[in-house]
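Asker: Dropping the structure in here first, questions after.
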Amino acid sequence: MARKRYDPDEVEFDARYQRWLAALESGDETELLEATAAIPTLNSQVLDRFFAVESDDLERPGQRAMEQRLIVLLSEFRPHEAARIRELHKARQRRLDRTTRVSCTVELPTKCARCGSKLKDVKPTGRPRIYCSPACRKAAYEDRRAHRDGAVKVQVVERVVTEVRERRIDVPHPRSECIREVFANDDALVNVIWALIEAVRGGEDLAFSPDQPRFWDLYNNTEVLYEALTKRAASYEPPEPAEPSDEKPGVATNVQRNMQRFTCKPMPGEEAHGGRDLRFPP
């Protein structure tokens with residue numbers, strides 16, 4: 001889906017611009033760096049045009065401030081619109097790639113059915129023209145009426161000039177793209193894991209039944225994942241707290257407790273920690 005049109009109010013341009021102006025006037029380097037980072041299009045060329053604006057005229061007060069704001073605004077607007085147009089072109093090309101066009105053309109008569117002369121002003125729509133003039137049409141009618149030999153027989157048929165059929169073809173995308181999208185989103189990764197847990201734990205999905213080969217493939221791969229997580233957790237060295245306190249345990253204490261829970265793998269048929277396997281949260 002292509003991005004929306006650039007809207008200064010939606011991206012809060014004025015607030016970021018006023019913050020940058022205030023930091024520029026105050027001279028605070030830290031605030032100026034943060035305010036400049038909020039407007040990533042402020043490169044050297046934009047700054048040169050910004051400071052090159054002449055002072056206000058007496059007849060038009062505020063002109064310098066308006067021109068400077070317009071320079072910074074256009075520095076954001078133009079790249080955004082260029083990227084949006086590129087995305088629209090790519091989306092249009094993807095639609096064309098998924099579409100097959102089949103054309104079927106039927107040629108229209110080009111010569112008069114009675115005298116054989118070339119027809120003029122042949123139109124692709126409407127009733128097809130077969131006579132060059134009203135005289136030939138009337139003469140052909142008289143021939144058919146008198147049953148003369150060589151009379152032109154007129155037969156009305158369904159005529160298709162151009163037929164275009166479109167068929168949408170689904171182009172499969174690489175599975176690696178789905179994997180990258182899931183890995184890049186923490187919520188999506190957790191949702192996938194819990195959906196898999198519920199499918200196996202519920203027992204209603206026959207695809208995860210023990211009599212299916214994919215069940216044991218999942219079992220073996222989960223064992224490998226568990227071993228990798230155990231080794232990674234065991235190699236982690238949390239920072240020691242500066243001073244012991246009676247407050248709520250910090251990050252280091254939580255990590256140590258989790259290491260004790262997850263690195264002690266119970267044997268098959270054995271229940272750990274009060275009858276509940278802590279490897280699978282409730």
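Asker: Any residue at all in region 216-235 that's loosely packed, with under 11 Cβ neighbours inside 10 Å, of a type in the set (Val, Ile, Thr) and at pLDDT 85 or above?
Answerer: For region 216-235, residues loosely packed, with under 11 Cβ neighbours inside 10 Å, of a type in the set (Val, Ile, Thr) and at pLDDT 85 or above: present.
Asker: Tell me which residues, restricted to region 165-182, are of a type in the set (Lys, Arg) and at pLDDT 80 or above. Give the steps one after another, and end with the answer.
Answerer: Here is the first cut: in region 165-182, the residues of a type in the set (Lys, Arg) are 165, 167-168, 175, 180.
Result: Arg180, single match.
Asker: Given the conditions (1) of a type outside the set (Val, Ile, Thr); (2) surrounded by 10 or more Cβ atoms within 10 Å (Cβ to Cβ); (3) modelled with pLDDT under 85; (4) not in a helix (DSSP H, G or I), and given that Arg64 satisfies all but one, which numbered condition is not satisfied?
Answerer: All conditions are met except number (4).
Asker: Sticking with this structure for a sec: Within region 8-53, take every residue that is of a type in the set (Asp, Glu) and surrounded by 10 or more Cβ atoms within 10 Å (Cβ to Cβ) and give me the one that is nearest to Met66 (Cα to Cα). Working first, answer last.
Answerer: If we filter region 8-53 for residues that are of a type in the set (Asp, Glu), which is where we start, we get 9-10, 12, 14, 25, 28-29, 31, 34, 48.
Filter once more, so that each one left must be surrounded by 10 or more Cβ atoms within 10 Å (Cβ to Cβ): 12, 14, 28, 31, 34, 48.
Details: Glu12: 17, Asp14: 12, Asp28: 24, Glu31: 23, Glu34: 23, Asp48: 16 Å.
Result: Asp14.
Asker: Something else about it: Exactly one of these conditions fails for Arg69: (1) over 30 Å from Arg86 (Cα atoms); (2) in contact with a helix residue (DSSP H, G or I) (Cβ under 9 Å, 6 or more places away or on another chain). Give me its number.
Answerer: The number of the failed condition is (1).
Asker: I'm told Lys111 meets every condition in (1) of a type outside the set (Gly, Ala, Ser); (2) in the same structural domain as Lys138 (by TED's automatic domain parsing); (3) at pLDDT below 80 except one. Can you identify the failing condition by its number?
Answerer: Evaluating Lys111 over (1) of a type outside the set (Gly, Ala, Ser); (2) in the same structural domain as Lys138 (by TED's automatic domain parsing); (3) at pLDDT below 80 leaves (3) as the failure.
The values are calculated or read from the model by the stated rules, or taken from the named source; none is laboratory data. Not measured: the values here are computed from a predicted model. All Cβ positions, even for glycine, are placed from backbone atoms using ideal geometry, and neighbour counts span all protein chains on display.
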